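**Q** Pasting a structure here, questions to come.
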Amino acid sequence: MGGHHGEPYTVPHPSIYKVENVPQLLQVKEALARQGLNDPWLRNEAWRYEKKAFGTHRSRLTTFMFRGLGVGFCAFLATIAVEYALGIGKGQGGHGHGHDSEHGHEDKKHH
């Protein structure tokens, strides 16, 4: 495919994330060390504490939940406008809901 203009984002080098820079992870590392244990993957959690680059857990969750809200609301309004323009809104679809149909009148006559 043509038109590739480079990466849309840059991936930071993993070495910038250090357990020693995050007090919470440093406490975990020290607690594990006291028991003679080591977690070689602990550094993989350090990015979560980089509030400047990634925000807080709450801000990431808020972004995730409401990211498409504007587009979705516009699509909702467009759908309503099309239904109204085509006369299928407000129960005008001709499905017989709420109206006496021919079958309803016949049933009443035969009783």
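**Q** Can you pull out the residues in the stretch 32-48 that are open to solvent by 80 Å² or more (accessible area, probe 1.4 Å) and over 36 Å from the mean Cα position of the chain (by Cα)?
**A** Across the stretch 32-48, the qualifying residues are Arg34, Gln35, Leu37.
**Q** Pull out all pairs, ordered by first then second residue, where Cβ-Cβ is under 9 Å, the residues are six or more apart or on different chains, the first lies in the stretch 14-37 and is within 17 Å of Arg48 (Cβ to Cβ), and the second is open to solvent by 90 Å² or more (accessible area, probe 1.4 Å) and acidic (Asp, Glu).
**A** Correct list of pairs: Leu26/Glu20; Lys29/Glu20.
**Q** A further question follows. Step by step: first the residues of the stretch 55-73, then only those that are at pLDDT 85 or above and open to solvent by less than 90 Å² (accessible area, probe 1.4 Å), then the one that is nearest to Thr10 (Cα to Cα). Which residue is that?
**A** Within the stretch 55-73, the subset at pLDDT 85 or above is 68-73.
Remaining after also requiring open to solvent by less than 90 Å² (accessible area, probe 1.4 Å): 68, 70, 72.
Values: Gly68: 24, Gly70: 27, Gly72: 29 Å.
Going through the qualifying residues, I end up with Gly68.
**Q** If the requirement is being open to solvent by 70 Å² or more (accessible area, probe 1.4 Å) and either touching a strand residue (DSSP E or B) at 6+ places or on another chain (Cβ under 8 Å) or at pLDDT 80 or above (or both), which of these qualifies: Lys52, Lys90, Lys29, Lys108?
**A** Details: Lys52 fails: either touching a strand residue (DSSP E or B) at 6+ places or on another chain (Cβ under 8 Å) or at pLDDT 80 or above (or both); Lys90 fails: either touching a strand residue (DSSP E or B) at 6+ places or on another chain (Cβ under 8 Å) or at pLDDT 80 or above (or both); Lys108 fails: either touching a strand residue (DSSP E or B) at 6+ places or on another chain (Cβ under 8 Å) or at pLDDT 80 or above (or both).
Every option except Lys29 fails the conditions.
The values are calculated or read from the model by the stated rules, or taken from the named source; none is laboratory data. Because the structure is a prediction, the values reported are computed rather than measured. Every residue, glycine as well, gets a Cβ built from its backbone with ideal geometry; the counts of neighbours run over all protein chains shown. Quick note on the areas: whole protein, heavy atoms, side chains included, nothing else; ligands and nucleic acids left out. Shrake-Rupley method; radii C 1.70, N 1.55, O 1.52, S 1.80 Å.
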